[in-house]
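Asks: Just passing along the structure, written as C-alpha cells.
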Amino acid sequence: MLKQLSYKLLIVVSVFFVVACSSTKEASKAKKGATTAANKPAKKPGKNDIQPFNKVITKEAKSDEGLFTVHTQDESYFYEIPDSLFDREMLMVTRIAKTANGLGFGGGKQNEQVLRWQKKGKKVILRVVSYNVFAADSLPVREAVENSNFEPVLFTFPIKAFGKDSTSTVIDVTPLFEKDVKSLGLPDFRRRPYKVTRLESDKSFIESVKSYPRNIEARHVKTYAAGAPPSNSSTGSISIEINNSMILLPENPMKRRYFDERVGWFTSSQTDYGLEDQKSKSLEFLDRWRLEVRDEDIEKFKRGELVVPKKQIVYYIDRATPEKWRKYIKQGIEDWQVAFEAAGFKEAIIAKDPPTVEEDPEWSPEDVRYSVVRYLASPIPNANGPHVSDPRTGEILESDINWYHNVMSLLRGWFFVQTAAINPDAQSPQFKDEVMGRLIRFVSAHEVGHTLGLPHNMGSSVAYKVEDLRDAAFTQKYGTAPSIMDYARFNYVAQPGDEGVALMPNIGVYDKYAISWGYRPILDKTAEEEKPILNQWIMEHAGDPMYRFGHQQVGDIHDPSSQTEDLGDDAMLASEYGIK
Ligand SMILES: [Zn+2]
C-alpha cells in the first residue's frame, strides 16, 4: 500500500519453441550402458558415471513429487527431471526471504531470469534465456535475432541416473544452491555497499527444496564475508536467506495487450526487430490475468451478457489470519467484481478459505497455483501486493499479498487524525471491530488492485471539487476519489455538521474503466489489431478528469495535481479544512 513493489520485468523473451529432444531412446541406451558397468564388480563406478536409479536414490531418500521430483538424501538434493520438461521455459525469481536487522530488503525481488534445462550427452545444462529482443517467427531477421542471443550457460550437472521407466533424468542440484551463483544469490549491486568479498561456505547451507505441480521453491542460507556489514559488524559477515522460485511458463502464451500511457498499468516489455521502422522499438504490454470467455459463452458475451471467465481469479485467505478480520479481507477482494462486470465478466474474482490441513495436507501458499493474502506477524505497518508475470506476454502467474499485522495501527492513526473531528467511530483509542473491519476492507481492495495490474493513480483525487467532499449525496455515490488506487484516505475535508459524508474511496469510476480497458476481451483480433479499439475506448472519455491517470511522483514533484494524500482540486483549500 505504501510501498508497492513495482515489478518491472527486465528479462523478456520471445515465443520461442524448441522441439524437446527425443531423449527416451538415448536414455534407455545410456541406462543399459550403466547397468552393464554396474554388473562388473571389478570396475568401480567413477564419480561421474551414470548409475542405476536405486544406487543413486536409495530407500532412505525422501521424495517430493511435483514439477520435478525432488529427492533429498544425506543433505544432498536431486532433481528427477521428466524428459518432457527439457527445453521448456521456466521463470526463476530470486528473492531475499530473510535478513538480519539493517539490511532492510527482506522479501524483495533481486533477480528474475528465464531458464531452460537441456540434456546433452551425459550432462544436463541449465541455460539462461537471456534475450530480451524479439522478431516474429516468420521474418528472416528471426535467425539473426537467435544468433545474437546465444543462451549463456548458468550451470552444468553430470547425469547421475535415469528414472525407473527411463522417461526422466536424475541430477544432483546441491552445488547449484551451495556454491556462489550470483544470479541465484546476492546480486552484485547488493554486494558493493557492504564490501562483500566471498561466500563463506562453512556458514552456508540449503534450508529446503520443495516441489509443487508447477513450481519448485528452494531456500538456502548464504553467509558472505563482508568488510562493511550493516549490523553485527564484529562477525565481519552478512547472512541472508534466499528463496529461488522456479515456475513453469505456460505452453500456450496469452495474447498480449499493448500498453498505452494514458491508462496506468504495470507492464512488461520487449524489443522488437521485426517492425517496419528503421530502428528497433520497445514494446510494452500489460501485466494482467488471463481472463478468457468460454467457447460456449461466446455468443452470450457478444450479446453483452456477463459471463463467468474460463478461469476465475481466486484469492485465498491465509490460515493465520484472525477469524474476525477474514470476512473484511474477502469483501475487499470481491469488491473488484463490479469492475470486471464493466469488462464483461461476472464473478471474475473470488475469495476463498484455504482447505484445512486435514482436507489437503499438501496445500501451501508457496504453490504457484494459489494466490494468497498472507497474514504476517511482523511489526512492519504496511501491506503490499507484488505479482509475478510471464515476461513473454505479461500474464500474471501468481500474486501473494503480504498483509502485515501492524497495518492496523497505521490505519488507526490515520483514521483518528483525519476524521475524528467529525466521526464518533474514530474518537476512541480502540476502534470497534466493524470500524476496523471497514478500514481493512478498504486496504484489501487497494492491494488487490495492484495485483490486478493497476499502479497508484495519484492524479485521481483532483477530479472532485473540494466542496463536493463535504456533500453526503456526492461522496456516497463517488467516494473521495474516482480511484481506490489514489492515496485519497481519509476525508479530512468534511466538517462538523456534514452529516453522512463518505470517508474513503471505493472501486470508482476510473477503476472500472481501467479494468474494462485492460481486461475486456477483443475477440478475433490480434494484439496489433486491438490498438485502434483501445485508443477509441480512451478517446471516449477524453478531457474528463474522472478518467485521468496521474503517475506517482518520486523525488521532485512537478505535477501538483498528481500527489499523494491530497484531496480534491485545490490542495490549499482542502488542507485548510483539514487543520480547521
Ligand atoms: Zn498501494
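The values are calculated or read from the model by the stated rules, or taken from the named source; none is laboratory data. This is a predicted model, so every value here is computed, not measured. Backbone-built Cβ (ideal geometry, glycine too); neighbour counts: all protein chains shown. Just the protein is used for accessible areas: all its heavy atoms, side chains included, with ligands, DNA and RNA removed. Shrake-Rupley method; radii C 1.70, N 1.55, O 1.52, S 1.80 Å.
Asks: Need pairs with beta-carbon distance below 9 Å; first residue closer than 15 Å to T480 by Cβ and within segment 449-461, second among the aromatic types (F, W, Y) and more than 9 Å from the ligand (Cβ to nearest atom); sequence gap 6+ or separate chains.
Replies: Close Cβ pairs (under 9 Å, with a partner that is among the aromatic types (F, W, Y) and more than 9 Å from the ligand (Cβ to nearest atom)) amount to N457/Y510; N457/F549; G459/F549; S460/Y510; S460/F549.
Asks: Hey, can you tell me all the residues within segment 509-547 that are part of a loop (DSSP other than H, G, I, E, B) and open to solvent by 50 Å² or more (accessible area, probe 1.4 Å)?
Replies: Within segment 509-547, the first condition is being part of a loop (DSSP other than H, G, I, E, B), and the residues that meet it are 520-526, 540-544.
Selection gives R520, L523, D524, K525, T526, E540, H541, A542, G543, D544.
Asks: (1) within 16 Å of the ligand (Cβ to nearest atom); (2) among the charged types (D, E, K, R); (3) within 30 Å of I298 (Cβ to Cβ): which one isn't true of R520, the others all being true?
Replies: Unmet condition: (1).
Asks: Another question, if that's okay. Please determine, by comparing only the residues of segment 346-393 that are at pLDDT below 90 and among the polar types (S, T, N, Q), which one is farthest from the chain's Cα centre (by Cα).
Replies: Once the filter is applied, the top-ranked residue is S378.
Asks: Of a type outside the set (V, I, T) and under 10 Å from V373 (Cβ atoms) - does that describe any residue in segment 336-352?
Replies: Restricting attention to segment 336-352, the residues satisfying the condition of being of a type outside the set (V, I, T) are 336-337, 339-348, 351-352.
In the following step, the residues that additionally are under 10 Å from V373 (Cβ atoms) were identified as 351.
Checked segment 336-352: at least one residue is of a type outside the set (V, I, T) and under 10 Å from V373 (Cβ atoms).
Asks: Also, I was wondering about something else. What residue, among those in segment 244-263 that are within 29 Å of L176 (Cα to Cα) and of a type in the set (A, V, I, L, M), is most open to solvent (accessible area, probe 1.4 Å)?
Replies: Looking at the filtered set, the residue picked out is L248.
Asks: Looking at Y513 and the list (1) within 16 Å of the ligand (Cβ to nearest atom); (2) in contact (Cβ under 8 Å) with a residue 12 or more places away in the chain, which single condition is not satisfied?
Replies: (1)
Asks: Against the condition open to solvent by less than 40 Å² (accessible area, probe 1.4 Å) and free of Cβ contacts under 8 Å to residues at least 60 places away in the same chain, how does I380 come out, does it pass? Steps first, answer last, please.
Replies: On the way: open to solvent by less than 40 Å² (accessible area, probe 1.4 Å): no; free of Cβ contacts under 8 Å to residues at least 60 places away in the same chain: yes.
No: the conditions fail for I380.
Asks: Okay, next question. Answer with yes or no whether P381 is in contact with a strand residue (DSSP E or B) (Cβ under 9 Å, 6 or more places away or on another chain) and more than 14 Å from the ligand (Cβ to nearest atom).
Replies: Working: in contact with a strand residue (DSSP E or B) (Cβ under 9 Å, 6 or more places away or on another chain): yes; more than 14 Å from the ligand (Cβ to nearest atom): no.
In short, no.
Asks: Turning to a different aspect of this structure: Is it the case, given these coordinates, that E241 is surrounded by fewer than 20 Cβ atoms within 10 Å (Cβ to Cβ), touching a residue at least 40 places away in the same chain (Cβ under 8 Å), touching a Lys or Arg at 6+ places or on another chain (Cβ under 6 Å) and farther than 23 Å from H450 by Cβ? Walk me through how you get there before you give the answer.
Replies: On the way: surrounded by fewer than 20 Cβ atoms within 10 Å (Cβ to Cβ): yes; touching a residue at least 40 places away in the same chain (Cβ under 8 Å): yes; touching a Lys or Arg at 6+ places or on another chain (Cβ under 6 Å): yes; farther than 23 Å from H450 by Cβ: yes.
Answer is yes for this residue.
Asks: Name every residue in segment 200-241 that is more than 23 Å from the chain's Cα centre (by Cα) and assigned to a loop (DSSP other than H, G, I, E, B), in order of residue number.
Replies: If the condition is that a residue be more than 23 Å from the chain's Cα centre (by Cα) and assigned to a loop (DSSP other than H, G, I, E, B), then E200, S204, G227, A228, P229, P230, S231, N232, G236 are the ones that fit.
Asks: Looking at L10, is it within 16 Å of the ligand (Cβ to nearest atom) and either at pLDDT below 90 or open to solvent by less than 50 Å² (accessible area, probe 1.4 Å) (or both)?
Replies: no
Asks: Okay, moving on. Would you please name the residue that is modelled with the highest pLDDT, looking only at residues in segment 394-405 that are away from the ligand (no atom under 16 Å from the Cβ) and more than 17 Å from W265 (Cβ to Cβ)? Give the steps one after another, and end with the answer.
Replies: So the first thing to find is which residues in segment 394-405 are away from the ligand (no atom under 16 Å from the Cβ), and the list is 394-398, 405.
Going one step further and asking which of them are more than 17 Å from W265 (Cβ to Cβ), we end up with 398, 405.
Details: E398: 90, H405: 77.
This residue is E398.
Asks: Filter segment 446-478 down to the residues that are within 16 Å of the ligand (Cβ to nearest atom) and either open to solvent by 10 Å² or more (accessible area, probe 1.4 Å) or part of a loop (DSSP other than H, G, I, E, B) (or both) and list them by number. Break it down into steps so the answer makes sense when it comes.
Replies: First, the residues of segment 446-478 that are within 16 Å of the ligand (Cβ to nearest atom): 446-461.
Matches in segment 446-478: L452, G453, L454, P455, H456, N457, M458, G459, S460.
Asks: Further question on the same structure: Looking only at segment 406-426, filter to residues that are open to solvent by less than 10 Å² (accessible area, probe 1.4 Å) and within 29 Å of the chain's Cα centre (by Cα); which one of those is nearest to the ligand (Cβ to nearest atom)?
Replies: Selected residue: V407.
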